[in-house]
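Everything on this sheet refers to the single structure shown next.
The values are calculated or read from the model by the stated rules, or taken from the named source; none is laboratory data. Because the structure is predicted, anything quoted here is derived from the model rather than measured. Cβ: placed from backbone, ideal geometry, glycine included. Neighbour counts: every protein chain shown. Only protein heavy atoms, including side chains, enter the accessible area calculation; ligands, DNA and RNA are left aside. Shrake-Rupley method; radii C 1.70, N 1.55, O 1.52, S 1.80 Å.
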Amino acid sequence: MSSENERSEEPAEPEQLALIRETVRKAKVPRAKPRTWRGAALAKELPVARVVVNKGSLHLDQFFDYAVPEELDETARPGVRVRVRFGAGAHQVKNGRREGGRLIDGFLVERRATSDYSGPLAALADVVSPEPVLGPELLGLARAVADRYAGSLADVLQLAVPPRSARAEGRPSPEPLPPPAAPEPGSWSRYERGPAFLESLARGGAPRAVWNALPGPHWAEEIGRAVAATLASGRGALVVVPDGRAAARVDAALTTVLGEGRHALLTAEAGPEKRYAQWLAVRRGGVRAVVGTRAAMFAPVRDLGLVVIWDDGDGSHSELHAPQPHARDVLLLRAAHDRCAFLLGSTSCTVEAAQLVESGWAKALSAGRDQVRRAAPLIRTVGDGELARDEAARAARLPSLAWQAVREGLKTGPVLVQVPRRGYVPRLACERCRTPARCRHCAGPLEAPEQQELRCGWCGRGAPDWHCVACGSTRLRAQVVGARRTAEELGRAFPAVPVRTSGRDHVLDSVPGRPALVVSTPGAEPVAEGGYAAALLLDGWAMLGRPDLRAGEEALRRWIDAASLVRGQPEGGTVVVVAEPTLRPVQALVRWDPVGHAQRELAERAELGFPPVSRMAAVTGPPEAVEGFLAAAGLPPDAEVLGPVPLPVVRPGGPRRPGDPPPGEQWDRALVRVPPGSGAALAAALKQARAGRLARGGGDPVRIRVDPPDIG
């Protein structure tokens, strides 16, 4: 075993003398032939195997050379799973026997005639399976993702290649079917560039589009037609959706448009064996189209012609395991590397999607305003002023306008009631106009922990002389937190109407079109047959007041996702949102203009220097460890460090999120941001610093996350 880069460095000397010495060195010291400690017979051709071992440590993020025994010559092909001896003592010899080193899994990535290492090589212990599962394209993608997120190749391969199932490997995959006929535009005709987009896919083109889908159930069918057009050109397609419910809708649409046997469904609900069998069918080329959740972003589709991501703002697209890549960025890398078409679709619009259009990398794909007005429901607003005037509404937490919408809606169908999740952390806002209180230096959220003086939650600076930038007031208030007994209140108010709930513990896929009250948390709204007659979006401040740079964008996305399930204006659908009507996200909902909202958010981010205009990384850990890490890391010259600031202490036994510190421990977080063009340098510097720390046996843990989805 050896590192591919293990060579001694020679001192600098004049060019001619260096050339002479290099020539002599090559003539006198030929590269050593691969051999093992006991002189075992090796493969006659290409006896060196280059292996990536299943160790995610950054200081081991490299290939290692092993000798290929003669008996494994036939099965040790590039891409197969292997087992090797790895660790301390793997090459030590005592009494003629190799000692130490435990067996560990890995992937064989290349066969070579010679090794860069001149010493004896450990031999491959075994070939786990002759099935090649790691091709050059997938290996290159995994390497690019690891470099972008300051992670290790082994960690990315853990996400990209599913666990092995011997029974699935033993079964043959289906034979590929001939390409289907190019589909008709169908509902794509509602969009100004829709038919041209499908035609380009069918001709083998590679258009790139950000698609603002119209509300309603047609988005899954439209994705199916885009996939069918790509298959008609003889290429493959990949669709990534946020959850299993969305995957089931696209799966049904693909079956309708393409027929059986032309696509694979990759979701966790299928179970390990069935999912691996489907993945193998894609890897072997028997299936050319894939739809799946987050892990499907690495699916090895042959001749990839189109990648699609639906609802990229959903948090489910962000991987929880190291190095925590986002599906949108992985598909952007695939589109660039494979030169294939790219489609980002959503009924809403993220700032990242707006940036793709503004930069010219992708084209906007949207419908005209007349189409939007017909497809969208009527939006009505209720602010805190009306709640203050309506004593009955204050007691029940619902204004009279909301009660009226519910009564009218129940006459013709079900009514959806969206309530925020419990547990949103309160932050501070202006008491007069409710503008969130933010730091003058970095625009971070202001907080007053334990009734102390105001300070920034990002950079830690104090703000003793804070005043509202909108109205000049100096008085603050806590934001509204969560929903209170909404389902019980509605049940008492409408005793003859069934009340159904959908949330984290029990998520409904669909509900009948009969009159009923459906109380749901954001993201768990079931689809109603024929659409909802009305919807209530309650406690808007609980979503707008979240301590997050994306609070407005996320609130608008959640509202539009729920309102998209309501019948359009010709059918009388009505949505009532309980939030201050003058706020930008509320106005964007009323106009049904998520793209305009995202463009304005992008302009403000550019002015403040925040993502996605800049690149950012979060460094968390014990205070001394974070301080020492930042001091030792060779950050780019244009890097700016915000903080460190203390993170909330997690109570023992309390709820924990990924990335939270151990219960009871005080950790700090620092944000490091760089301008455009320095993101790769920042990731490389952080990765090198953490690898060096691990190699030295680094002390307290330090966690790194590039492009964190929430930065406070």
query = Restricting to the range 153-172, what's the tally of residues that are open to solvent by 20 Å² or more (accessible area, probe 1.4 Å), more than 10 Å from P323 (Cα to Cα) and within 26 Å of the chain's Cα centre (by Cα)?
reply = 3
task = Please find, within the range 276-314, the residue that is farthest from V330 (Cα to Cα) out of those that are among the basic types (K, R) and in a loop (DSSP other than H, G, I, E, B).
result = R284
remark   = Picking from A248, A252, the residue that is small (G, A, S), out of contact with any Asp or Glu (no Cβ under 8 Å at 6 or more places or on another chain) and surrounded by fewer than 24 Cβ atoms within 10 Å (Cβ to Cβ) would be A252
note = Here the residues within the range 61-90 that are among the polar types (S, T, N, Q) and closer than 15 Å to S115 by Cβ are Q62
Tally, over the range 259-275, of residues that are of a type in the set (G, A, S) and part of a helix (DSSP H, G or I) = 2
query = If you go through the range 298-331, how many residues are within 22 Å of I704 (Cα to Cα), aliphatic (A, V, I, L, M) and open to solvent by 10 Å² or more (accessible area, probe 1.4 Å)?
reply = 2
request  = Among residues belonging to the range 430-466 that are hydrophobic (A, V, I, L, M, F, W, C), touching a Pro at 6+ places or on another chain (Cβ under 8 Å) and part of a loop (DSSP other than H, G, I, E, B), point out the one that is surrounded by the fewest Cβ atoms within 10 Å (Cβ to Cβ).
outcome  = L454
remark   = Of the residues in the range 658-703, those that are within 12 Å of A617 (Cβ to Cβ), in contact with a Phe, Trp or Tyr (Cβ under 8 Å, 6 or more places away or on another chain) and among the basic types (K, R) number 2
inquiry  = Need the failing condition index for E488 against (1) touching a helix residue (DSSP H, G or I) at 6+ places or on another chain (Cβ under 8 Å); (2) surrounded by fewer than 18 Cβ atoms within 10 Å (Cβ to Cβ); (3) not in a loop (DSSP other than H, G, I, E, B), just the number.
reply    = (1)
Residues of the range 366-413 that turn out to be at pLDDT below 85, more than 39 Å from the chain's Cα centre (by Cα) and not in a helix (DSSP H, G or I), as a count = 1
ask   = If you scan the range 181-192, which residues turn out to be surrounded by fewer than 17 Cβ atoms within 10 Å (Cβ to Cβ) and part of a loop (DSSP other than H, G, I, E, B)?
value = A181, E184, E192
message = Whether any residue in the range 649-669 is closer than 23 Å to Q324 by Cα, open to solvent by less than 20 Å² (accessible area, probe 1.4 Å) and at pLDDT 90 or above is what I want to check.
response = yes
key: Which listed residue is in contact with a Lys or Arg (Cβ under 9 Å, 6 or more places away or on another chain), part of a loop (DSSP other than H, G, I, E, B) and at pLDDT below 80, from V469, V481   = V481
